[in-house]
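The values are calculated or read from the model by the stated rules, or taken from the named source; none is laboratory data. Bear in mind that the values here come from a model prediction, so they are computed numbers and not experimental data. Positions of Cβ are backbone-derived with ideal geometry, glycine not excepted, and every protein chain shown enters the neighbour counts.
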Amino acid sequence: MDGRKFVASYSGGKDCMLAIHRAMASGLKPVAFIIMHNEARQRSWFHGITEVGIEQVSQAVGVPIWLIKTEGPAYTENFERALIKAREAGAEVCVFGDIDVLAHHDWCTARCAATGLEALFPLWGESRKSVVYELIDAGFKARITVIDLERMDGRFLGQTLTRELADQIEAEGADICGENGEYHTFVYDGPMFLHPVNLPFGSPVTEKNRLILPVNA
């Protein structure tokens, strides 16, 4: 892998950041990260990061983050367009943070096959607990910003992951890694960051079964 260029599917969350960290440690060179942006909500899909917040992360990690604005029906098409743009910029590989959900793996692999890139899953098949622990032990700081209240207690919202907190989540019956949708995170600091990203957050809001800590940047 040494010296090859890559693009990464970036959500703002913990798993993609650890996958990117591993890719860079193996010698891969980042061209850009791509993040899908919900045009209707004016926030990133799944993790709800604003355009201002994404720019701050880009500055902190020193890598361009391409914001791909899209509605749901055009999501796949626009994702593939971003991959083609990355390939034209020199990327040979696309890095994903999936661990063991086969449907995600297959979707990502298909997008790469359609655009001439190699799909790389640095975390694939590993223990969910070991992935969380590795992220924490490496020095990444991941704040819990979304909770599925049907799967996990809302009291964890806004907290930064530690081994102790992850163990509490698991002890209460939720997946320690949130792979079933129990929670999402925003990584605001870590080994690849030049400085922490201190985004302003608002008061928690509830949308159906989800408790959200909104970014106000």
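Figures for the structure shown
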read-out: Unmet criterion (only one of (1) without any contact (Cβ under 8 Å) to a residue 60 or more places away in the chain; (2) surrounded by 15 or more Cβ atoms within 10 Å (Cβ to Cβ)) for Gly97; value: (1)
read-out: When residues of the range 37-64 are limited to those that are of a type in the set (A, V, I, L, M) and surrounded by fewer than 20 Cβ atoms within 10 Å (Cβ to Cβ), the one farthest from Asp148 (Cα to Cα); value: Val63
read-out: Lone unmet requirement of (1) outside any loop (DSSP other than H, G, I, E, B); (2) touching a strand residue (DSSP E or B) at 6+ places or on another chain (Cβ under 9 Å); (3) hydrophobic (A, V, I, L, M, F, W, C) for Trp107; value: (2)
read-out: Which numbered condition Glu182 fails, given (1) within 19 Å of the chain's Cα centre (by Cα); (2) surrounded by fewer than 15 Cβ atoms within 10 Å (Cβ to Cβ); value: (2)
read-out: Sole residue being under 28 Å from Asp175 (Cβ atoms), at pLDDT 95 or above and of a type in the set (S, T, N, Q), chosen from Thr50, Thr115, Thr109; value: Thr109
read-out: The range 94-120, residues that are under 20 Å from Ile65 (Cβ atoms) and not hydrophobic (A, V, I, L, M, F, W, C); value: Gly97, Asp98, Arg111, Thr115
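Here is a yes/no grid of residues against (1) of a type in the set (A, V, I, L, M); (2) assigned by TED's automatic domain parsing to the domain that holds Phe140; (3) closer than 18 Å to Val95 by Cα:
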| site | (1), (2), (3) |
| --- | --- |
| Gln42 | no, no, no |
| Val52 | yes, no, no |
| Glu71 | no, no, no |
| Arg81 | no, no, yes |
